[in-house]
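Below is one structure, written out as structure tokens; the observations come after it.
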Amino acid sequence: MIQDASVVDFDIKNYAFSESDVKKIEDIPYVKNSYPLVYILNNSDKRIAYVGESTNAYKRIQNHLSNPKRDVLEALLLITSEKFNKSATLDIEAKLIKYMSADGSFKLQNGNAGLSGHNYYQMDMYDHIFKEIWSKLKADEFVNKTIPQIENTNLFKYSPYKSLSPDQHQSVLEILTEINKKVKSTLFVSGVAGTGKSVLATYLMKLMHSSDDDLEPRSDETEHIREIDLVKSFKKKYESPKVGLVIPMTSLRQTLSKVFKSVDGLSANMILSPVDVSKEKYDILLVDEAHRLAKRKNIVNYKSFDDANKRLGFPKGTNQLEWLLKQSNHQILFYDSNQSVKPADISKLKFDKLLQGTNAKKIELKSQMRVEGGTDYINFVDRLLNNRLNDDEKFESENYDLKIFESFDELLGEIDEKEDEFGLCRKVAGYSWNWVTKGEPINSDKFDIEIEGHKFKWNTDTKDWVTSENARNEIGCIHTTQGYDLNYTAVIFGDEIKFNPDTNKIIIEKDNYFDRNGKAGIKDPELLKNYIINIYKTLMFRGIKGTYVYVCDSELKKYLKKHIQVY
């Protein structure tokens, strides 16, 4: 049990979660005077908890005592401060929910309705207070991990308890409204890399699986009340909705399965492959990374693909998007055509045709949630790799660390320093080296990549590589990094991408591109170039804090040095 703590800006006090002990808190000045505070109900043995905040704590906790779902909880932590206000306690409550869920020390009984972020007076000070609260909870072994450790976990990055941006929250309202009023619908949630499409998908999955106890407004703000009302209407329409989250990429699918297994109300079997969808009907399918849905071209397993089409009564060449449309009443497609990276991906034309249909609705996310360089960085990279910058245009930002390196030794030294400081800093590259070690034992003496005398293997783990044990010593490809967040990314431009100074254009050397399924059957050089440019853009959008660049082709290096600060 955590010990009572008196810290400069807050107090944490322990009580039993019982009629007699809860009666004691009635006379605490903060409670008696209806001061906003935060509380944690918990059972430390069964590792179950509920986090709340209130200006009427006594009545609120009395209500919890009469809720059968809370019967398993045994202890009450009361967190108070003379500096608390309603905005601060809502924020601290949301952060405790988010970090405790990702810490893994407790399974939370909380719903996630209404978790939207907003600015308020002295927010930085209250963020400091939250960090001090967390440090105290960790010191007393109530939680396990530090804040930086948690922020590097997949459970945090894909948590359904993330606070939403205003446009994410508006999207939730639009999606629920559309599903509630229509028998069938197709919704496109578009947005460039880092706008929070995956977070929104996991948030919606948790929200759609809310219990009645979860549907309590966190504040009296209109949009929160509206969200609760929409979820209640949804639950009336679908008493036990069959909802699945489709992830086309194997690595990301496995990662999300682990996340869902750890969240109360969700389960690993809610995460689906496109082939899984061919076996059952669904009320609603959410599809993350929908641009990676496949057609029957350059795929790994033709038999599985053909079996799915046969099962659904489709001709052999029918694509995975058609499977989803047939097997569900509502489809929510999280989509960015600029992250389509191989010929197997369904073309933008197919999605555009669907978007023009009578049931289709487009919702756009614009707020940059990942990259600290914001939309300025995203737009810069897009224009850089598509040769649309002015000669003297250079990226400059106090918020984002973008550098190009002349020396590979210096790149390695810098990314290793960042790995030691922040963790989750990885070397990635375009597919410009043959995968010699594929299928070899991890301790094999063979290697795939050699640059300036340094030898590396491609990612030996193809599932959740970014968090794997040996990741810092390897180089990751697009297929094991797309969809993941990193703190810093070292992006290596290989010999398949070059620059022609006469035409002032980036060009592609097809023979130096070794992704067999990424180029087979492509006759149009511009189409291949588009895929490879998308690969490098996607890799350059992984880093939250910074991106380091190394270039093999001398002319491309000259071009990029004109626009990126040299280390």
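The values are calculated or read from the model by the stated rules, or taken from the named source; none is laboratory data. This one's a predicted model, so the numbers in the text were calculated from it and none came from an experiment. Don't worry about glycine lacking a Cβ; one is built from the backbone with ideal geometry, like all the others, and counts go over all protein chains shown.
Among the numbered conditions (1) surrounded by fewer than 22 Cβ atoms within 10 Å (Cβ to Cβ); (2) of a type outside the set (Phe, Trp, Tyr); (3) out of contact with any helix residue (DSSP H, G or I) (no Cβ under 6 Å at 6 or more places or on another chain), tell me where Asn154 comes up short.
Looking at each condition in turn, Asn154 falls short on (3).
Name, by its number, the condition in (1) out of contact with any strand residue (DSSP E or B) (no Cβ under 7 Å at 6 or more places or on another chain); (2) at pLDDT 95 or above; (3) surrounded by fewer than 22 Cβ atoms within 10 Å (Cβ to Cβ); (4) not charged (D, E, K, R) that does not hold for Ile535.
Result: Ile535 fails condition (3) only.
Yes/no matrix, rows are residues, columns are (1) assigned to a helix (DSSP H, G or I); (2) farther than 26 Å from Asn504 by Cβ:
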residue: Asp391; (1), (2): no, no
residue: Asp416; (1), (2): yes, yes
residue: Arg426; (1), (2): no, yes
residue: Asn434; (1), (2): no, yes
residue: Gly439; (1), (2): no, yes
residue: Lys446; (1), (2): no, yes
residue: Glu450; (1), (2): no, yes
residue: Lys463; (1), (2): no, yes
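Scan region 2-21 for residues that are more than 10 Å from Leu78 (Cβ to Cβ) and modelled with pLDDT of 80 or more and report the count.
Of the residues in region 2-21, 7 are more than 10 Å from Leu78 (Cβ to Cβ) and modelled with pLDDT of 80 or more.
Step by step: first the residues of region 86-104, then only those that are polar (S, T, N, Q) and more than 21 Å from the chain's Cα centre (by Cα), then the one that is modelled with the lowest pLDDT. Which residue is that? Outline the logic, then answer.
Let us first name the residues in region 86-104 that are polar (S, T, N, Q), namely 87, 89, 101.
From what is left, the residues that are more than 21 Å from the chain's Cα centre (by Cα) are 87, 89.
Details: Ser87: 91, Thr89: 94.
The qualifying residue modelled with the lowest pLDDT is Ser87.
Would you list the helices (runs of 4 or more DSSP H) that sit entirely within region 504-562 and hold 1 or more residues that are touching a helix residue (DSSP H, G or I) at 6+ places or on another chain (Cβ under 8 Å) and more than 24 Å from Glu450 (Cβ to Cβ)?
Values: elements: 516-519, 525-540, 554-561.
Those helices (runs of 4 or more DSSP H) span 525-540.
Among the listed residues Asp392, Asp401, Asp416, Asp382, which satisfies the condition of being over 26 Å from Tyr158 (Cβ atoms) and in contact with a helix residue (DSSP H, G or I) (Cβ under 9 Å, 6 or more places away or on another chain)? I'd like the intermediate steps shown before the answer.
On the way: Asp392 fails: in contact with a helix residue (DSSP H, G or I) (Cβ under 9 Å, 6 or more places away or on another chain); Asp401 fails: over 26 Å from Tyr158 (Cβ atoms); Asp382 fails: over 26 Å from Tyr158 (Cβ atoms).
Residue meeting the stated conditions: Asp416.
So for region 514-532 (the condition being touching a Ser or Thr at 6+ places or on another chain (Cβ under 7 Å), crowded, with 22+ Cβ neighbours inside 10 Å and closer than 23 Å to Ser340 by Cα), does at least one residue qualify?
Checked against the condition, which is being touching a Ser or Thr at 6+ places or on another chain (Cβ under 7 Å), crowded, with 22+ Cβ neighbours inside 10 Å and closer than 23 Å to Ser340 by Cα, region 514-532 yields no hits at all.
Quick one: count up the residues across region 133-146 that are under 26 Å from the mean Cα position of the chain (by Cα) and surrounded by fewer than 17 Cβ atoms within 10 Å (Cβ to Cβ).
Residues that pass the stated criteria total 3.
Can Thr489 be described as assigned to a strand (DSSP E or B) and touching a residue at least 40 places away in the same chain (Cβ under 8 Å)? Quick ask: steps written out before the conclusion?
Values: assigned to a strand (DSSP E or B): yes; touching a residue at least 40 places away in the same chain (Cβ under 8 Å): yes.
In short, yes.
Please give the helices (runs of 4 or more DSSP H) falling wholly within region 218-303 in which 3 or more residues are acidic (Asp, Glu). Spell out the reasoning first.
Details: elements: 222-237, 250-261, 274-277.
Fully inside region 218-303 and qualifying: 222-237.
Mind counting the residues in region 170-217 that are surrounded by 17 or more Cβ atoms within 10 Å (Cβ to Cβ) and in contact with a strand residue (DSSP E or B) (Cβ under 9 Å, 6 or more places away or on another chain)?
The qualifying residues number 26.
If I filter region 37-56 for residues that are surrounded by fewer than 20 Cβ atoms within 10 Å (Cβ to Cβ), over 19 Å from Phe142 (Cα atoms) and out of contact with any Lys or Arg (no Cβ under 9 Å at 6 or more places or on another chain), do I get at least one hit? Give the steps one after another, and end with the answer.
From region 37-56, those surrounded by fewer than 20 Cβ atoms within 10 Å (Cβ to Cβ) are 43-48, 55-56; that's our starting set.
With the extra rule that they be over 19 Å from Phe142 (Cα atoms), the set shrinks to 55-56.
Pick out the ones that are also out of contact with any Lys or Arg (no Cβ under 9 Å at 6 or more places or on another chain) and you get 56.
Yes: region 37-56 contains one or more residues that are surrounded by fewer than 20 Cβ atoms within 10 Å (Cβ to Cβ), over 19 Å from Phe142 (Cα atoms) and out of contact with any Lys or Arg (no Cβ under 9 Å at 6 or more places or on another chain).
Suppose we keep only residues that are charged (D, E, K, R) and touching a residue at least 40 places away in the same chain (Cβ under 8 Å) within region 444-464. Which one would you say is farthest from Ile415 (Cα to Cα)?
Going residue by residue through region 444-464, those that are charged (D, E, K, R) are 445-446, 448, 450, 452, 455, 457, 461, 463-464.
Right, trim to touching a residue at least 40 places away in the same chain (Cβ under 8 Å) and you get 452, 463-464.
Details: Glu452: 16, Lys463: 22, Asp464: 20 Å.
Ranking the qualifying residues of region 444-464, first place goes to Lys463.
Condition check: more than 17 Å from the chain's Cα centre (by Cα), modelled with pLDDT of 95 or more and closer than 21 Å to Lys98 by Cα. Does Ser257 satisfy that?
Values: more than 17 Å from the chain's Cα centre (by Cα): no; modelled with pLDDT of 95 or more: yes; closer than 21 Å to Lys98 by Cα: yes.
For Ser257, the condition - more than 17 Å from the chain's Cα centre (by Cα), modelled with pLDDT of 95 or more and closer than 21 Å to Lys98 by Cα - is not met.
Within region 501-519, identify whether any single residue is closer than 16 Å to Arg383 by Cα and either out of contact with any Lys or Arg (no Cβ under 8 Å at 6 or more places or on another chain) or among the acidic types (Asp, Glu) (or both), and answer yes or no. Break it down stepwise before answering.
Filtering region 501-519 down to residues closer than 16 Å to Arg383 by Cα leaves 504-507.
If we keep only those that are either out of contact with any Lys or Arg (no Cβ under 8 Å at 6 or more places or on another chain) or among the acidic types (Asp, Glu) (or both) as well, we get 504-505.
Looking through region 501-519, at least one residue is closer than 16 Å to Arg383 by Cα and either out of contact with any Lys or Arg (no Cβ under 8 Å at 6 or more places or on another chain) or among the acidic types (Asp, Glu) (or both).
Could you grab me the full set of residues in region 465-483 that are assigned to a loop (DSSP other than H, G, I, E, B) and either in contact (Cβ under 8 Å) with a residue 24 or more places away in the chain or hydroxyl-bearing (Ser, Thr, Tyr) (or both)?
Keep residues of region 465-483 that are assigned to a loop (DSSP other than H, G, I, E, B), which gives 468-470, 474, 477, 482-483.
Hits for region 465-483 are Ser468, Asn470, Glu474, Cys477, Gln482, Gly483.
Report yes if some residue within region 331-340 is assigned to a loop (DSSP other than H, G, I, E, B) and either outside the structural domain of Ile175 (by TED's automatic domain parsing) or crowded, with 19+ Cβ neighbours inside 10 Å (or both); otherwise report no. Working first, answer last.
Initially, region 331-340 is screened for residues assigned to a loop (DSSP other than H, G, I, E, B), giving 336, 340.
Checking the rest, the ones that are also either outside the structural domain of Ile175 (by TED's automatic domain parsing) or crowded, with 19+ Cβ neighbours inside 10 Å (or both) come to 336, 340.
Looking for residues that are assigned to a loop (DSSP other than H, G, I, E, B) and either outside the structural domain of Ile175 (by TED's automatic domain parsing) or crowded, with 19+ Cβ neighbours inside 10 Å (or both), one finds at least one in region 331-340, hence yes.
Quick one: how many residues across region 353-382 are assigned to a loop (DSSP other than H, G, I, E, B) and surrounded by 18 or more Cβ atoms within 10 Å (Cβ to Cβ)? Before the answer, list the steps.
Applying the first criterion (assigned to a loop (DSSP other than H, G, I, E, B)) to region 353-382 yields 356-359, 365-373.
After this cut, where a residue has to be surrounded by 18 or more Cβ atoms within 10 Å (Cβ to Cβ) as well, the list is 365, 368-371, 373.
Total meeting the criteria: 6.
Considering (1) within 29 Å of Glu509 (Cα to Cα); (2) loosely packed, with under 15 Cβ neighbours inside 10 Å; (3) not aromatic (Phe, Trp, Tyr), say which one Leu385 fails and leave the rest.
Here Leu385 meets the rest and fails (2).
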